[in-house]
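Trainee: One structure, as structure tokens, below. Some questions next.
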Amino acid sequence: EAGVAQSPRYKIIEKRQSVAFWCNPISGHATLYWYQQILGQGPKLLIQFQNNGVVDDSQLPKDRFSAERLKGVDSTLKIQPAKLEDSAVYLCASSLLDRGELFFGEGSRLTVL
Amino acid sequence: SQQGEEDPQALSIQEGENATMNCSYKTSINNLQWYRQNSGRGLVHLILIRSNEREKHSGRLRVTLDTSKKSSSLLITASRAADTASYFCATGGGKLIFGQGTELSVKP
């Protein structure tokens, strides 16, 4: 069974530039999550999708972050414009049930200079 | 805000010793999950314990849950160098919220 795929693995940009991260969840998983993990901290939930609908985006900085889940499968997380404090690893996860085990991708490490 | 808080923040032991990590949380839960994260990698699910369970085993892992104290512990027995990683508890009714993690170092 293929795992959660994320790209790119690494991205370096300058502040005020934009960046996009892509995630392909495990086939059949209805729930998809984007987490932000700052170095030395635990993952913080940014947004949760159930199929192609948003379940929770209460911690998504909507002035600069946006996310969509195309046709209830792939998802893209965009940051525009980026700030220095956005430097983090962006983790995508999916689950079969919205309260079950999460399967994580390897993450996309963003460095904002 | 973080729901779960792990303790200790860092733990260093010798191979063969047992490692115990604790997690405290604030609100009622449906289940509590433990994850492992190796450096530079994604998180890997270890074990899920439901709110009506008190103890669960999986290989060398033993998890306990005390809902009256809103706490859980993860015990890794006979640790190996390969167990070196960060360990996170995660709780939540609908959305899963992670703690800050315990960084475990197992020295050969």
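Trainee: Between A:ASP56 and residues 5 or more places away or on another chain, which pairs have amide H atoms under 5 Å apart, with H built 1.01 Å from N, and which residues are they?
Mentor: A:GLN48
Trainee: Using a 1.4 Å probe, what is the accessible area per residue for chain B, in Å²?
Mentor: Per residue, chain B has an accessible area of 47 Å².
Trainee: Still on this structure: Label 7 Å along Cα→Cβ of A:ALA2; the range A:72-89 residues with amide nitrogen under 19 Å?
Mentor: Residues A:72-77 fall inside that zone.
Trainee: What are the residues whose amide H is under 5 Å from the amide H of A:ARG109, where those residues sit 5 or more places off or on another chain and H is modelled from the backbone?
Mentor: Close amide H contacts, sequence-distant or interchain: A:TYR10, A:LYS11, A:TYR90.
Trainee: For a protection proxy built on the mean count of beta-carbon atoms within 10 angstrom, sort B:25-31, A:9-15, A:31-37 highest first, please.
Mentor: The peptides rank, most packed first, as A:31-37, B:25-31, A:9-15.
Trainee: Convert each backbone phi in the range B:20-33 into a coupling constant with the Karplus relation 6.51 cos²θ - 1.76 cosθ + 1.60 (shift: θ = phi - 60°), then list the ³J(HN,Hα) values in order as whole Hz, x for Gly and Pro.
Mentor: 10, 10, 10, 9, 10, 9, 10, 10, 5, 10, 8, 7, 10, 10
Trainee: Another one. With the Cα gyration tensor of the protein assembly as shown in hand, convert its eigenvalues to equivalent ellipsoid semi-axes via √(5λ) and list them largest first in whole Å.
Mentor: Whole-Å semi-axes of the equivalent ellipsoid: 30, 20, 16.
Trainee: Tally Lys/Arg at +1 and Asp/Glu at -1 over every other residue whose Cβ is under 14 Å from the Cβ of B:MET21; what's the total?
Mentor: Taking every Cβ under 14 Å from that of B:MET21, the sum is -3.
Trainee: Oh, and also: Over the alpha-carbon set of the range A:34-79, work out the extent along each principal axis and list the three values in angstrom, largest first.
Mentor: So the extents along the principal axes, rounded to whole Å, are 34, 20, 17.
Trainee: Now a separate question. Among all lysine pairs in the protein assembly as shown that are eight or more places apart or on different chains, how many have alpha carbons less than 17 angstrom apart?
Mentor: Here the count comes out as 14.
Trainee: How long are the three semi-axes of the equivalent ellipsoid of chain A, in whole Å, if each is the root of 5 times an eigenvalue of the C-alpha gyration tensor, listed from largest down?
Mentor: 22, 14, 13
Trainee: A further question on this structure: Could you please state how large a percent of the accessible area of the protein assembly as shown is carbon and sulfur, counting protein chains only and using a 1.4 Å probe?
Mentor: The computed percentage sits at 47.
Trainee: Restricting everything to alpha-carbon atoms, can you work out Rg to Rh for the range B:5-107 with a Kirkwood hydrodynamic radius?
Mentor: Using Cα coordinates only, the ratio equals 0.95.
Trainee: So, one more: Rounded to the nearest whole Å², what accessible area per residue is found for chain A with the 1.4 Å probe?
Mentor: Value for chain A: 50 Å² per residue.
Trainee: For a label point 7 Å from the Cα of B:SER39 along Cα→C-beta, name the residues of the range B:15-33 whose backbone N is under 18 Å from it.
Mentor: Once the point is set 7 Å along Cα→Cβ of B:SER39, B:15 turn out to lie under 18 Å by backbone N, inside the range B:15-33.
The values are calculated or read from the model by the stated rules, or taken from the named source; none is laboratory data. Small disclaimer: the values here were computed from a predicted structure and weren't measured. Note that each Cβ is placed from the backbone with ideal geometry, even for glycine, and that neighbours are counted across all protein chains shown. Side chains are part of the model used for accessible areas, which takes the heavy atoms of the whole protein and leaves out ligands, DNA and RNA. Shrake-Rupley method; radii C 1.70, N 1.55, O 1.52, S 1.80 Å.
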